[in-house]
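This report refers to the structure that appears directly beneath it.
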Amino acid sequence: MSTYVMSDLHGEYDKFIKMLTKINFSDNDKLIIIGDIFDRGEKPLQILDYIINKDNIELLLGNHESMFMEAYNGYGFKNWVYHNGGYTTFKALMKRGNKYMEMLYKYLEKLDIVKIVNNYILAHAGFYIPNNYKDLTIDELLKYQSIDYNLWDRSWIDNPKKLDNYTIITGHTPTFFIGDGTPKINYLNGNICIDCGATFDGGKLACLRLEDLQEFYI
């Protein structure tokens, strides 16, 4: 059994299926997607349909799923659809109708925002670490988290902190904006960034196996 993590699929269903084939993903394995299956790419709901029907695939909430939830509740629609790539998801949802959107909203509001797997902390954008973090337990650190930080924040990238017993894995920020500008998994002082820009020109879909940190790309 192996545990894999991916992030920021952004509607790239075909790349997602190719990646599952490449890693020989089986029913004995576990996959955690660290948010953002929606928007930009053409097949966001196909990704959703696939993972909902797999007990061994877990989705964490990303900011793009959160933007749909805000739009569903009556605010932020233009920001989501016209400024953050939400049109492809909105178009697909309109074809499925209101009952489907209600089901989707209820599904998303139950998703975890932060997940701990062995010595890895998974969050879409970041995991807040206060200045006194060395005096805090992991349970105390979890109380400092907020949806805005975990789904949106990038400020930590310029000054990443390292927890003694945990490695933080995030998506959200394409790695070609970090380091030498190449679309590859990036290691930053105890933090691992795995969004390699799958939906952008020149980007790749990345997957990381937690047991040995082997990297896979499509």
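The values are calculated or read from the model by the stated rules, or taken from the named source; none is laboratory data. These figures come from a predicted structure and were not determined experimentally. Cβ atoms come from the backbone with ideal geometry, glycine included; neighbour counts cover every protein chain shown. Each accessible area value is taken on the protein alone, full model and side chains, heavy atoms only, with ligands, DNA and RNA left out. Shrake-Rupley method; radii C 1.70, N 1.55, O 1.52, S 1.80 Å.
What the table below lists for this structure:
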read-out: Residue count for the stretch 122-152, restricted to those that are surrounded by 12 or more Cβ atoms within 10 Å (Cβ to Cβ), among the hydroxyl-bearing types (Ser, Thr, Tyr) and over 20 Å from Phe68 (Cβ atoms); value: 3
read-out: Residue, most open to solvent (accessible area, probe 1.4 Å), within the stretch 162-172, restricted to residues that are outside any loop (DSSP other than H, G, I, E, B) and either touching an Asp or Glu at 6+ places or on another chain (Cβ under 6 Å) or of a type in the set (Ser, Thr, Tyr) (or both); value: Thr167
read-out: Single residue of the stretch 93-121 satisfying the filter (more than 27 Å from Ile194 (Cα to Cα) and in contact with a helix residue (DSSP H, G or I) (Cβ under 8 Å, 6 or more places away or on another chain)) that is least open to solvent (accessible area, probe 1.4 Å); value: Leu93
read-out: Check on Ser66, closer than 23 Å to Gly197 by Cβ and not hydrophobic (A, V, I, L, M, F, W, C); value: yes
read-out: Near pairs, Cβ below 9 angstrom, 6+ apart or cross-chain, from the stretch 87-99 (within 15 Å of Ile37 (Cβ to Cβ)) to any residue that is open to solvent by 100 Å² or more (accessible area, probe 1.4 Å); value: Thr88/Glu42; Ala92/Glu42
read-out: Complete set of residues in the stretch 45-59 that are under 19 Å from Val5 (Cβ atoms) and out of contact with any strand residue (DSSP E or B) (no Cβ under 6 Å at 6 or more places or on another chain); value: Ile47, Leu48, Tyr50, Ile52, Lys54, Asp55
read-out: Matching residues in the stretch 175-190 - criterion: being open to solvent by 10 Å² or more (accessible area, probe 1.4 Å) and of a type outside the set (A, V, I, L, M, F, W, C); value: Gly179, Asp180, Gly181, Thr182, Pro183, Lys184, Asn186, Tyr187, Asn189, Gly190
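To keep it simple, each residue is scored yes or no on (1) in contact with a Phe, Trp or Tyr (Cβ under 8 Å, 6 or more places away or on another chain); (2) closer than 20 Å to Ser66 by Cα; (3) touching a residue at least 60 places away in the same chain (Cβ under 8 Å).
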{"position": "Arg154", "(1), (2), (3)": "no, yes, no"}
{"position": "Tyr166", "(1), (2), (3)": "yes, no, no"}
{"position": "Thr173", "(1), (2), (3)": "no, yes, no"}
{"position": "Ile185", "(1), (2), (3)": "no, no, no"}
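Yes or no, residue by residue, for (1) polar (S, T, N, Q); (2) within 14 Å of the chain's Cα centre (by Cα); (3) on the phi > 0 side of the Ramachandran plot:
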{"position": "Ser2", "(1), (2), (3)": "yes, no, no"}
{"position": "Lys22", "(1), (2), (3)": "no, no, no"}
{"position": "Asn28", "(1), (2), (3)": "yes, no, no"}
{"position": "Phe38", "(1), (2), (3)": "no, yes, no"}
{"position": "Met69", "(1), (2), (3)": "no, no, no"}
{"position": "Lys78", "(1), (2), (3)": "no, no, no"}
{"position": "Tyr82", "(1), (2), (3)": "no, no, no"}
{"position": "Thr88", "(1), (2), (3)": "yes, no, no"}
